[in-house]
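These notes are about the structure you will find just below.
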Amino acid sequence: MRSAVLQLPNARTAGERRKVLRAAVRQLERAEVYFDAVEYMDLDDRQARRALAQLKSDLRSLTAYLVQLRSATPE
């Protein structure tokens with residue numbers, strides 16, 4: 001897996017590309033846990049809540065896009 005991540009994108013096989021996309025999705029899922037933790041801290045700041053909501057929305061959109069891209073990548 002690590003070797004697939006370290007390769008240049010155009011040098012990856014389809015299987016390696018799927019592995020890289022799966023790893024990226026896992027990392028984004030971990031990031032969502034951290035965003036949830038920050039949200040739970042209740043920072044009592046409207047601008048911080050708005051920025052956090054935007055980040056979480058962007059994160060979910062990116063995750064969905066990568067999942068779709070992974071599904072479209074042949075094995």
Pairs please, first residue from the range 16-43 and on the phi < 0 side of the Ramachandran plot and surrounded by 15 or more Cβ atoms within 10 Å (Cβ to Cβ), second anywhere and among the hydroxyl-bearing types (S, T, Y) and not in a helix (DSSP H, G or I), Cβ atoms under 6 Å, 6+ apart in sequence or on different chains. R17/T73; R18/T73
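Residue by residue through the range 44-66, note down the ones that are charged (D, E, K, R) and either out of contact with any Phe, Trp or Tyr (no Cβ under 6 Å at 6 or more places or on another chain) or at pLDDT below 95 (or both). Break it down stepwise before answering.
If we filter the range 44-66 for residues that are charged (D, E, K, R), which is where we start, we get 44-46, 49-50, 56, 58, 60.
Result: D44, D45, R46, R49, R50, D58, R60.
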Does V25 satisfy being among the aliphatic types (A, V, I, L, M), modelled with pLDDT under 95 and under 15 Å from the mean Cα position of the chain (by Cα)? no
Since A72 meets every condition but one in (1) in contact with a helix residue (DSSP H, G or I) (Cβ under 6 Å, 6 or more places away or on another chain); (2) at pLDDT below 95, which condition does it not meet? (1)
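The values are calculated or read from the model by the stated rules, or taken from the named source; none is laboratory data. The structure displayed is predicted, hence computed values, not measured ones. Please note: Cβ atoms are built from the backbone with ideal geometry, for glycine as well, and neighbour counts cover all protein chains shown.
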